[in-house]
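The structure under discussion appears below in the form of C-alpha cells.
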Amino acid sequence: MLIAQELKSLLDNEHKFNKFTTTAFKMADKDDSGQINSEELYSILYTISTDIGANPPSREDAKEIVVHLDTDRSGTISLDEFKTLIKDILKTMTDDENKMTEI
C-alpha cells in the first residue's frame, strides 16, 4: 500500500511529476537530441524491468510503444509524449497495487 501512496503522491504533484519525468527523459535521451528513439526507450525499459524483477520488453515492444505515443509522427518520443507513457505506467502500477491490497 505504501508504494501505491507514493506513486499517487507523484501523480498528484505536478511539479514533482515534471521533475521526475524530465530527469528520466534526459537519462533515456542518450544522444541529447531532445527525443527518445525506440532503441533508447528499449534500453531504459529493459533496465527498469530487470531492476524490478519484471519480464523485459522486446525491441519490437519498444518500437510499438513509440508508434503508439508518437502523436506528431516524428518517429521518436518527445518529453510530452514520454510524460504520457510514465503517467500511464504509474497509474497502472497504482491500480495494480490497490487491487492487491483488496485481496
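Just to check your reading of the model, which residue among Lys8, Lys30, Lys87 is within 14 Å of the chain's Cα centre (by Cα) and among the basic types (Lys, Arg)?
So the residue among Lys8, Lys30, Lys87 that is within 14 Å of the chain's Cα centre (by Cα) and among the basic types (Lys, Arg) is Lys87.
Do any residues in region 51-77 that are under 10 Å from Leu41 (Cβ atoms) and modelled with pLDDT of 90 or more have Cβ atoms under 7 Å from those of residues that are among the aromatic types (Phe, Trp, Tyr) and surrounded by 12 or more Cβ atoms within 10 Å (Cβ to Cβ), where the two are at least six apart or on different chains, and which pairs are they?
The qualifying pairs are Pro57/Tyr42; Pro57/Tyr46; Arg59/Tyr42; Ala62/Tyr42.
Give just the number: which of (1) assigned to a helix (DSSP H, G or I); (2) over 26 Å from Ala4 (Cβ atoms) does Thr71 not satisfy?
Status for Thr71: all satisfied but (1).
Would you check which residues across region 49-76 are polar (S, T, N, Q) and surrounded by 13 or more Cβ atoms within 10 Å (Cβ to Cβ) and list them?
Our first condition is that a residue be polar (S, T, N, Q); within region 49-76, this holds for 49-50, 55, 58, 71, 74, 76.
Ser49, Thr76, listed by residue number.
Please count how many residues of region 12-48 are surrounded by 13 or more Cβ atoms within 10 Å (Cβ to Cβ) and among the acidic types (Asp, Glu).
3
When you look at Asp80, is it under 14 Å from the mean Cα position of the chain (by Cα) and either loosely packed, with under 12 Cβ neighbours inside 10 Å or part of a helix (DSSP H, G or I) (or both), yes or no?
In short, yes.
The values are calculated or read from the model by the stated rules, or taken from the named source; none is laboratory data. Remember, it's a predicted structure, so these values are computed and weren't measured experimentally. Counting neighbours? That spans all protein chains shown, and the Cβs are built from the backbone with ideal geometry, glycine included.
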